[in-house]
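Here the structure comes first, spelled out in structure tokens, and everything after it is commentary.
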Amino acid sequence: MIWLLCGIVLMGVSGLAGLIGSRARDGGQKLACALILVGVTLCLPALLKVLAPTATVINWRWAVPGGQFLLELDAISAAFILPLLLVVALGAIYGLGYWRHREHPANATKLQIFYGLISAAMIVLLLARNSLLFLMAWEVMALAGYFLITTEDHKPEVCRAGFIYLIATHSGTLALFGAFALLGTGQPGALSWPAAASFSSPQAGLIFILALFGFGMKAGLMPLHIWLPGAHAAAPSHASALLSGVMIKTGIYGLVRLTSFFAEIPAWWGWTLLLLGVVSGIFGVALAIAQHDIKRLLAYHSVENIGIIALGLGLALLGRSYNQPTLVVLGLAGCLLHVANHGLFKSLLFLSAGSIIHGVGTREIDQYGGLLKRQPLTGLFFLGGAVAICGLPPFNGFISEWLIYLASFKVLNSPSGVLSLSLLTAPALALIGGLALACFVKVFGISFGGEPRTAAAASAHEAPATMLWPMGIFLLACAFIGLLPSQLAPLLNRAAAQWQGQDHPLPLSLGGPLAPLAAISLAGWILVVLLALVFWRLRRCSQGARRDLGTWGCGYPFPSPKMQYTASSFGDSLVRLFNFGLWSKRHGGRPDGLFPATSSFESHTPDLFLDRLFSPAFQGAAWLMHGVRRLIQNGVAAIYLLYSALTLLVLLALLTR
Amino acid sequence: MIGRIVLQLLILLMFAPLPLGVINKTKALFAGRIGPPLLQPYYDLARLWRKGFVFSRTTTWVFLAGPVVGLVVPVLACLLLPFGGLPAPISFHGDLILFVYLFGLSRFFTAAAALDTGSSFEGMGAVREVTFSCLAEPIVLFCLLVLAHGADSLTLGGLLGPQLTSFWHSPHAASLGIVLVCLFVVLLVENSRIPFDDPNTHLELTMIHEVMVLDHSGPALGMILYGAAMKLVVLGALVVRLALPLQTGWLIGDLLVFLVGILLLAVVIGVVESTMARLRLPRVPQVLVGTSLLSVFALVLALR
């Protein structure tokens, strides 16, 4: 455990190395990256021992009132830390090629410092077992996240995204202060956390609501996701990968950890999470389809995946309320595995999106095209990530979605009539999966297929090796979980047991809820082998074929790249299906007359909540307060004197009772 | 065990193109023509396999991956299904989800291969395919929930087991009937048949599935046609088993029931194609949403 702590400290201070070297060289950046790698390596031994019977704990005295430096590594924390370490290490290597000091002298040092700091803060947060320590790590993480988002602070849209993030994260933290204060009332070690499934309080409902607001804001559950699309689009790609792949999961961790304290779980907690999960999932992916900016699109997919994770957690909570142990294990295992999976494939997608942006120089999907010929490896990695995020076999996304499906099918066995409403999770998940597939067919097909739509896309170049290797390792990790999921079953099973406060997990052997994972891996291998064989055969017999002809244009002899289907036209028919909730804006586009003049068409889909609800509401509130201030602070000295006199009178009346 | 797997695969591989011939023969009969010979799909496949390839200069390896995945997925999916009296070779708790998602994988690569050509017609086909399928998937899940409720099992083998006969005689038979209708609609959508898509039209603008494979040639086109034929048999096996849950206990008898069922299904599809017009494109999502509501109704009936 002490090595783990050393690793965390090394990661936290790694960015300072950038201050030493000259700004014109990359030496400091390489040193910082090396420090992060050493830090990650130091953390690994403790994680490998997480399944051992004795718990790994550090308990130091701490001079802060109510505080206690109590760190503990259990299976739940480990399930979050493992993907974190991989994302942090690979992101740091990727940064060597993507955001070089030499090319970004103005902000590369800042990015490096806060990249290390946020990684260390997140690990501390995931290990902390004391409210004060947790909240301190939480704030360090939130603020470091702000500086990652505003790396390019000379751009106005980046500053706006950072500002919205700052407001959102602080409103969330305020709610968390409330939740943890209520958690501490009436127990001896007020700010230390209770053991799993031991806590009960008359204010449990209020604690849950506050925590749902605070943690949901960080996780990006649907009405609270307002900060997420802008922030993830604004940050550099490896920072986006860290924010989207790992940081938003701390919100999920908070919810998992907090709900584990309670001995009794009211049924409405699970229902609330299920509802929020369905809304986030369906509208997250619908908004993603409507996006033209590749990083905003990926950010909306984070909302969708958080929805899927919330579905798993919601089912597990319902299992606790209605006493269904298999439902708990499957739901929580699906939730935790999807947390790890999303961390892997979303980081892969953000990194390959960064590689595209590096090569083409724009984030607009409609300006790409034909990239698979120019960036063959990036294309392969992006394709792998896309298949994984759609939840298709043989990659990891399928495994976690399968667990959640299975949990919802398990509801059929329960005698309770109310619980059968949660059967709707399965069709909802199917709809989400179908829409995600449509969205990623669009992104992959439009960006990598066809002919280049612009000169920039035609002259795109492949990324350097420092950027390609991390993507390759992420793809391997996705395939590993997809093909050998039973390797993770003991960890998930133990996490589920710890979550409900049991000492002994359910048996993993025949009949245990996670047992079929081995059969899935068999099917996955058969699929991979068959695909490889048939592809190899077809490839070989098509070797001598003609490849010098144009695509069939239905008889039209002069096709141009501009005539290709675009991302907007691809998304349009799906966006129209969801127009009841998206309200896309469309301008122009209809040519009129016999000889129509040049006309233009544009469509864009503002965010459902930020642009339609919160922004107008806050602007209204600001206008109102402006008026009130003008009324009160009117600059007349006599009125100010009257205020002082009134204050004194009120104080006198209160104190002389 | 191994003998049975080989037998099941052989039945699928040998038998798959025949239902297409039956459909075409039925349609010809309705139109008062003689029609192509019953074995024409076999001749077509053999001819395509002997031909050479032609590739557009725009395409990459993804263009070839489409036919490969389209061929392999039905083969693997068939291993999860019981064919008549043969038990499913691969069967585990929750294999029904894998069955559904395997077809998602094939859709992903078919659509990606279509976009790889850079043709706007194929782009249109791709978006229509993914749109309609994402509306069809919830229907399948509702139907599977109803079946799982009746069977008290989460394997496809259990879902389509001998208890279906008693299910038909139970008060829940109505929900099973609705499920049968819903699955038949999904079968028509997924296999791009009339009224959702017309496999015979030669107008690129109106096609869905066929337009996505415009640029394929030779053996690759053959693999796509063969894969589509196998998909019809595999999805048809679900419908046939629901409609004809006879189990004699005698291997050859069960297989005969299954094969006759598939051919009957092909005749029904042929009748539907001959008597219905193709739906206008904007109508298709409405029909699918309506079918979803029908399947919700089936679930409510089953749970009551």
Exercise. Looking only at helices (runs of 4 or more DSSP H) that fall completely inside segment B:4-96, which ones have 1 or more residues that are away from chain A (no Cβ under 14 Å)?
Worked result: B:18-31, B:40-50
Problem set entry | Failed condition for A:M1, given (1) modelled with pLDDT under 85; (2) surrounded by fewer than 14 Cβ atoms within 10 Å (Cβ to Cβ) | (2)
Exercise. Do we have A:G449 as touching an Asp or Glu at 6+ places or on another chain (Cβ under 6 Å), within 14 Å of another protein chain (Cβ to nearest Cβ) and not charged (D, E, K, R) here?
Worked result: yes
For this session: Would you confirm whether any residue within segment B:96-108 is among the hydrophobic types (A, V, I, L, M, F, W, C), closer than 14 Å to A:G445 by Cα and in contact with a helix residue (DSSP H, G or I) (Cβ under 9 Å, 6 or more places away or on another chain)?
Result: yes
Problem set entry | Number of positions in segment B:214-225 that are in a helix (DSSP H, G or I) and within 11 Å of chain A (Cβ to nearest Cβ) | 5
Problem set entry | helices (runs of 4 or more DSSP H) wholly inside segment A:533-648 containing at least 3 residues that are within 14 Å of another protein chain (Cβ to nearest Cβ) and free of Cβ contacts under 8 Å to residues at least 60 places away in the same chain | A:567-577
For this session: Could you pull out the residue among A:L424, A:L412, A:L403, A:L348 that is facing chain B (nearest Cβ under 9 Å) and either crowded, with 22+ Cβ neighbours inside 10 Å or within 18 Å of the chain's Cα centre (by Cα) (or both)?
Result: A:L403
Exercise. In the list A:Y94, A:Y146, A:Y165, which residue meets the criterion of being in a helix (DSSP H, G or I), in contact with a helix residue (DSSP H, G or I) (Cβ under 7 Å, 6 or more places away or on another chain) and farther than 25 Å from A:G220 by Cα?
Worked result: A:Y94
For this session: Go through (1) assigned to a helix (DSSP H, G or I); (2) more than 10 Å from chain B (Cβ to nearest Cβ); (3) not aliphatic (A, V, I, L, M) and name the single condition A:F440 misses.
Result: (2)
Problem set entry | Count - residues of segment B:144-165 that are under 18 Å from the mean Cα position of the chain (by Cα) and within 10 Å of another protein chain (Cβ to nearest Cβ) | 1
Exercise. Is there a residue in segment A:28-35 that is of a type outside the set (A, V, I, L, M), touching a residue at least 60 places away in the same chain (Cβ under 8 Å) and within 18 Å of A:F474 (Cβ to Cβ)?
Worked result: yes
Exercise. Within segment B:138-154, how many residues turn out to be among the hydrophobic types (A, V, I, L, M, F, W, C) and more than 21 Å from A:P513 (Cα to Cα)?
Worked result: 5
Problem set entry | Selected residue (criterion: surrounded by the most Cβ atoms within 10 Å (Cβ to Cβ)) from residues of segment B:39-74 that are among the aromatic types (F, W, Y) and more than 22 Å from A:G369 (Cα to Cα) | B:F53
For this session: Check whether at least one residue in segment A:117-135 is surrounded by fewer than 22 Cβ atoms within 10 Å (Cβ to Cβ), within 20 Å of A:G254 (Cα to Cα) and out of contact with any strand residue (DSSP E or B) (no Cβ under 8 Å at 6 or more places or on another chain), and report yes or no.
Result: yes
Exercise. Within segment B:157-194, can you find the residues that are assigned to a helix (DSSP H, G or I) and closer than 30 Å to B:G125 by Cβ?
Worked result: B:V179, B:L180, B:V181, B:C182, B:L183, B:F184, B:V185, B:V186, B:L187, B:L188, B:V189, B:E190
For this session: With the checklist (1) more than 14 Å from chain B (Cβ to nearest Cβ); (2) over 27 Å from A:S355 (Cα atoms); (3) not in a helix (DSSP H, G or I) in hand, flag the one item A:H461 doesn't pass.
Result: (2)
For this session: Any chance you could count how many residues in segment B:115-127 are crowded, with 24+ Cβ neighbours inside 10 Å, facing chain A (nearest Cβ under 7 Å) and assigned to a helix (DSSP H, G or I)?
Result: 5
For this session: For B:A112, state whether it is facing chain A (nearest Cβ under 8 Å) and either surrounded by fewer than 24 Cβ atoms within 10 Å (Cβ to Cβ) or out of contact with any Pro (no Cβ under 7 Å at 6 or more places or on another chain) (or both).
Result: yes
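Does A:V50 satisfy the condition of being assigned to a loop (DSSP other than H, G, I, E, B) and surrounded by 14 or more Cβ atoms within 10 Å (Cβ to Cβ)?
So A:V50 passes the test.
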Seminar exercise, completed: Wholly inside segment A:193-294, helices (runs of 4 or more DSSP H) that include 2 or more residues that are in the same structural domain as A:G95 (by TED's automatic domain parsing) and among the aromatic types (F, W, Y) are A:204-219, A:249-261, A:267-289
Seminar exercise, completed: Picked from segment A:544-578 (must be among the polar types (S, T, N, Q) and surrounded by 12 or more Cβ atoms within 10 Å (Cβ to Cβ)), the residue nearest to B:Q286 (Cα to Cα) is A:S573
Seminar exercise, completed: Scanning segment A:228-246 for residues that are closer than 25 Å to A:S615 by Cα and under 12 Å from the mean Cα position of the chain (by Cα), the one surrounded by the fewest Cβ atoms within 10 Å (Cβ to Cβ) turns out to be A:L243
Exercise. Which one of A:F580, A:F595 is farther than 30 Å from A:G220 by Cα and either of a type in the set (F, W, Y) or touching a Phe, Trp or Tyr at 6+ places or on another chain (Cβ under 7 Å) (or both)?
Worked result: A:F595
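The values are calculated or read from the model by the stated rules, or taken from the named source; none is laboratory data. Just so we're clear, the structure is a prediction, and the values are computed from it rather than from any experiment. Cβ sites come from the backbone with ideal geometry, for glycine too, and all protein chains shown count toward neighbours.
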